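Data first, discussion second: the structure below is written as structure tokens.
The values are calculated or read from the model by the stated rules, or taken from the named source; none is laboratory data. Computed from a predicted model, the values in this text were never measured in an experiment. Heads up, the Cβs are rebuilt from the backbone with ideal geometry, glycines too, and the neighbour counts pull from every protein chain shown.
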Amino acid sequence: MQSCDTSTKSVNQSIFDYVREHGRTYHSYHPGSYPFPNDQPENDRMDVQHEIWKVIFGFKNHFAPLDDPRKILDIGCGTGKWAIEMGFEFPHASIIGTDLSPIQPEWVPGNVKFVIDDANEDDWMVEPQDYVHTRLLLGCFEDFRDIVAKGYRALKPGGWMESQDIMPTVYCDDGTMPPDYPFALWAKTQDRAAMEIGKPMRIGNKFKRWYEQAGFVDVHEEVFKLPINGWPKDPQFKMLGKFNEQNYIEGIQAWSLFMFTRGLNWTKDEIEVFLVNVRKAISNHSVHGYHKIYVVWGRKPHEHELGVPNPSPENPPPHPAS
């Protein structure tokens, strides 16, 4: 293990001078790029969310068939839990996690490094990678296809990219969700706000198409159901739902403040009044709602599979029209 303070972060003091707004703090490096807080309550919530997703995924951190990868890149690493666990799973790999906020732990495995960086930048400044990973980056980019294209260019031929994200739409299969369900209304309102600020939320169900358009082969998709609360009868899903209910209750303000004030010109008081019924709805077990989590992974082909030179920063693959 080694300390982030000595060799695992590229930082300067200004990135710790967080933007303070409505009682929350936000990143100061390229302020406004990421619409959610970076304070301790949000970081604690993200750590719990990581554990929820790990159970959903059968305790897998990845679905791509990795074979002794040596270089792994995690875009938008958050508190770094995924990167740290991958550091233990692949002790011979060099793992870089990038984020806008220095919120990762001080002590990490010796093969894990965290770097303050913005994935919106044209050049990611990384050596060719064996695996590029993204998770929960909805609402973070104007066009996630750019991230897919950059991931493609950052990979070695034969390397894998994987994206894991949630669809904010509230689904229900048994008719228990009324038309005026407040949590579904909140999701639609957040989606409208996100579009107003140019940071789309509904991206997960498009990953497979975008990967294929970018040039990836062997593209796979898996879809998981995440219950909103503890309504399921199945013991494991009931337990997941109970943890997820608390996750949503604690996160709903964080997911609303920046987007609703910027995109819809709401005041903080208007947001808080709106969220009262939303929180009650999240805890209403008579509504059997759930979210879909999309996991997509694909491989960058070898030259002999293409029959043409590999795309490079000087010769990138064409940007898809849609």
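Please verify whether Glu106 is modelled with pLDDT of 95 or more and either surrounded by fewer than 19 Cβ atoms within 10 Å (Cβ to Cβ) or under 25 Å from Thr25 (Cα atoms) (or both), treating the condition exactly as stated.
Working: modelled with pLDDT of 95 or more: no; either surrounded by fewer than 19 Cβ atoms within 10 Å (Cβ to Cβ) or under 25 Å from Thr25 (Cα atoms) (or both): yes.
No; evaluated as a whole, the condition is false for this residue.
Given the criteria closer than 30 Å to Val273 by Cβ, within 17 Å of the chain's Cα centre (by Cα) and polar (S, T, N, Q), does Thr134 qualify?
Values: closer than 30 Å to Val273 by Cβ: no; within 17 Å of the chain's Cα centre (by Cα): yes; polar (S, T, N, Q): yes.
For Thr134, the condition - closer than 30 Å to Val273 by Cβ, within 17 Å of the chain's Cα centre (by Cα) and polar (S, T, N, Q) - is not met.
Look at (1) over 30 Å from Lys156 (Cα atoms); (2) surrounded by 21 or more Cβ atoms within 10 Å (Cβ to Cβ) and you find that Glu245 fails only one, number (2). Applying the selection to the range 65-103, what residues are farther than 30 Å from Arg24 by Cα, in contact (Cβ under 8 Å) with a residue 40 or more places away in the chain and surrounded by fewer than 22 Cβ atoms within 10 Å (Cβ to Cβ)? Passing the criteria: Pro65, Leu66, Pro69, Arg70, Lys71. Among the residues of the range 218-265, those that are within 18 Å of Pro182 (Cα to Cα), touching a Lys or Arg at 6+ places or on another chain (Cβ under 7 Å) and either charged (D, E, K, R) or part of a helix (DSSP H, G or I) (or both) comprise Asn247, Ile249, Glu250, Gly251, Leu257.
Being of a type in the set (Asp, Glu), under 16 Å from the mean Cα position of the chain (by Cα) and surrounded by fewer than 18 Cβ atoms within 10 Å (Cβ to Cβ) narrows it down to one residue among Asp180, Asp118, Asp122, Asp165; which is it? Outline the logic, then answer.
Details: Asp180 fails: under 16 Å from the mean Cα position of the chain (by Cα); Asp122 fails: under 16 Å from the mean Cα position of the chain (by Cα); Asp165 fails: surrounded by fewer than 18 Cβ atoms within 10 Å (Cβ to Cβ).
Within the list Asp180, Asp118, Asp122, Asp165, the selection yields Asp118.
Give me the residue from the range 137-162 that is outside any loop (DSSP other than H, G, I, E, B) and surrounded by fewer than 17 Cβ atoms within 10 Å (Cβ to Cβ) and, out of that set, nearest to the chain's Cα centre (by Cα). Let's see the steps before the verdict.
Step one: of the range 137-162, the residues outside any loop (DSSP other than H, G, I, E, B) are 144-162.
In the following step, the residues that additionally are surrounded by fewer than 17 Cβ atoms within 10 Å (Cβ to Cβ) were identified as 146, 157-158.
Values: Asp146: 15, Pro157: 25, Gly158: 24 Å.
Per the stated criteria, the residue is Asp146.
Scanning the range 115-136 for residues that are in contact with a helix residue (DSSP H, G or I) (Cβ under 6 Å, 6 or more places away or on another chain) and either in a strand (DSSP E or B) or touching a residue at least 60 places away in the same chain (Cβ under 8 Å) (or both) gives Ile116, Gln129, Val132.
Going through (1) out of contact with any strand residue (DSSP E or B) (no Cβ under 6 Å at 6 or more places or on another chain); (2) within 19 Å of Trp53 (Cβ to Cβ); (3) of a type in the set (Gly, Ala, Ser) one by one, Gly80 falls short only on (1). When Asp5 is tested against the conditions (1) modelled with pLDDT of 95 or more; (2) outside any loop (DSSP other than H, G, I, E, B), the lone failure is (1).
Report the residue count in the range 71-88 for those that are among the acidic types (Asp, Glu) and not in a helix (DSSP H, G or I).
Taking the range 71-88 first, the residues among the acidic types (Asp, Glu) are 74, 85.
Narrowing the set further to residues that are not in a helix (DSSP H, G or I) leaves 74.
Residues that pass the stated criteria total 1.
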